[in-house]
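Okay, so here's the structure we're looking at.
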Amino acid sequence: MRERVKLIVICALAYLLMDAPVQMTQILPSYAGIKNFLPSVLGLFFGAWGVIGCVIGCVVSACPVNPDIPAVLHECWCIIATGLVMFIGWHLTSKSHRPSLKTWPDYARYILLLAGGCALCGKAPVSAAYFLTGLTIGIPVTILFSSLLYIEPVIPKRYTYFPDAEFCLLPNAESIEGANEILEMSAMKRGVKMKRILEIQSCIEELAIRIQKAHPDAKISVSVMFGEAISARLHYGGKKYNPFILDKNEDEIDIMSLKIIKHRAIRASFTYSDGENLVHVVV
């Protein structure tokens, strides 16, 4: 529940920050602005939670400055239509259920669903505004989220969603060797070059060493996804421990590998919630 609330708050803030300048200046119509791409993209990745966040952002942004209730309600309807059509339609027509734009069928699906959602907005200028921003801004943001940053999407429970490789790391050498074999086999099936395989192997191994040094009995669950970038998520229980924080007493040689990871990684994040540590690295 806490994660859902966070999603709603983040989506609401994003919509509010993009919509507030339009509402305050009143130079453009209330339905105009770059914020129109948010419902389709956030709906695609976060489903109802992204849509609810956009609706809250819309109401908070519009009502204090431009309390035109019918206009606000119509904008909320457009958010719901474009967001939910994208989310529901994508998962009904996609085999992998991974929001991504890597093939021509993916682009065609995105554009058709965007057009269908925008058509439900009713008024032609409003539909056009949502459709154009969904194309010109929504597509690049979707590519960024899915192919580079690997934003974790909300997947309906009835659909299966598997990473490309999964394994557990225990504090022994055999565990690392087995993990490397799984990584190599799964990566070669996806046509990943050996250089890239070695990069993610060294990254996971270095993080595992640091984690197990702080938590000697830790069982680290690892999931990996291959694409234009490689995404690795490491879950482990116990007290909060962020492997990216360097101890002043650590030897320079010991932390060199970690510095290389932080320098090379597109994303290197750490979160802690309810006794569960999560490290997410994208290289």
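The values are calculated or read from the model by the stated rules, or taken from the named source; none is laboratory data. Remember, predicted model here, so these are calculated numbers, not experimental data. Using ideal geometry, Cβ is built from the backbone for each residue, glycine included, and neighbour counts are taken over all protein chains shown.
List of remarks:
- Within segment 178-199, residues that are of a type in the set (Val, Ile, Thr) have Cβ atoms under 7 Å from residues that are surrounded by 15 or more Cβ atoms within 10 Å (Cβ to Cβ) in these pairs: Ile182/Ala165; Ile182/Phe167; Val192/Phe226; Ile197/Leu183; Ile197/Glu184; Ile197/Ala187, counting only partners at least 6 apart in sequence or on another chain.
- If you filter segment 1-52 down to residues that are polar (S, T, N, Q) and more than 20 Å from the chain's Cα centre (by Cα), you find that the one that is modelled with the lowest pLDDT is Ser30.
- Verdict on Met86 being free of Cβ contacts under 8 Å to residues at least 24 places away in the same chain, within 24 Å of Leu148 (Cβ to Cβ) and not basic (Lys, Arg): no
Table: residues versus (1) closer than 21 Å to Glu3 by Cβ; (2) touching a helix residue (DSSP H, G or I) at 6+ places or on another chain (Cβ under 9 Å); (3) buried (at least 16 other Cβ atoms within 10 Å of the Cβ); (4) in the same structural domain as Phe37 (by TED's automatic domain parsing).
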position	(1), (2), (3), (4)
Ser94	no, yes, no, yes
Pro99	yes, yes, yes, yes
Leu112	no, yes, no, yes
Pro140	no, no, no, yes
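- Segment 203-220, subset loosely packed, with under 15 Cβ neighbours inside 10 Å and in contact (Cβ under 8 Å) with a residue 40 or more places away in the chain, residue nearest to His97 (Cα to Cα): Asp217
- Flag for Ala187 being surrounded by 12 or more Cβ atoms within 10 Å (Cβ to Cβ) and within 21 Å of Leu278 (Cβ to Cβ): no
- Arg190 passes every criterion in (1) over 26 Å from the mean Cα position of the chain (by Cα); (2) outside the structural domain of Met18 (by TED's automatic domain parsing) apart from (1).
- Condition check for Pro105: surrounded by fewer than 17 Cβ atoms within 10 Å (Cβ to Cβ) and under 26 Å from Ala208 (Cβ atoms): no
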